[in-house]
Amino acid sequence: MTISTLLAALNGSTIPGGCDTCNAEQEVARVGRITHITVHHDNQCPTLKQKQNRR
Ligand SMILES: [Zn+2]
């Protein structure tokens, strides 16, 4: 199975993981030929807070 086949199969689903410091979930969304993976962090996640502080 190739990675693109895997991502196509996962389209619209969520995968656990994606962050070392919280119980994040990754949301897979296929848009045309491009697959977007969005990481959803816990509200308490230190990594998420760091990202927000940089903005
Ligand atoms: Zn996180």
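Bear in mind these aren't lab numbers, they're just calculated from the coordinates by the rules spelled out. Keep in mind that this is a model prediction, so the values were computed, not measured. Cβ atoms come from the backbone with ideal geometry, glycine included; neighbour counts cover every protein chain shown.
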Hull-based mean projected area of the chain, where the convex hull spans the alpha carbons, in square nanometres = 4.6
inquiry  = Could you tell me the relative contact order of the chain? Use alpha-carbon pairs under 8 Å, at least six residues apart, and round to a whole percent.
reply    = 26
Backbone N under 18 Å from the S13 label point (7 Å along Cα→Cβ), restricted to region 34-55 = 35-40
For region 31-38, Karplus couplings with θ = phi - 60° (6.51, -1.76, 1.60), whole Hz, Gly/Pro x = 10, x, 9, 10, 9, 9, 10, 9
Sequence-distant residues sharing a close amide H with H40 (under 5 Å, placed H) = E25, Q26, E27
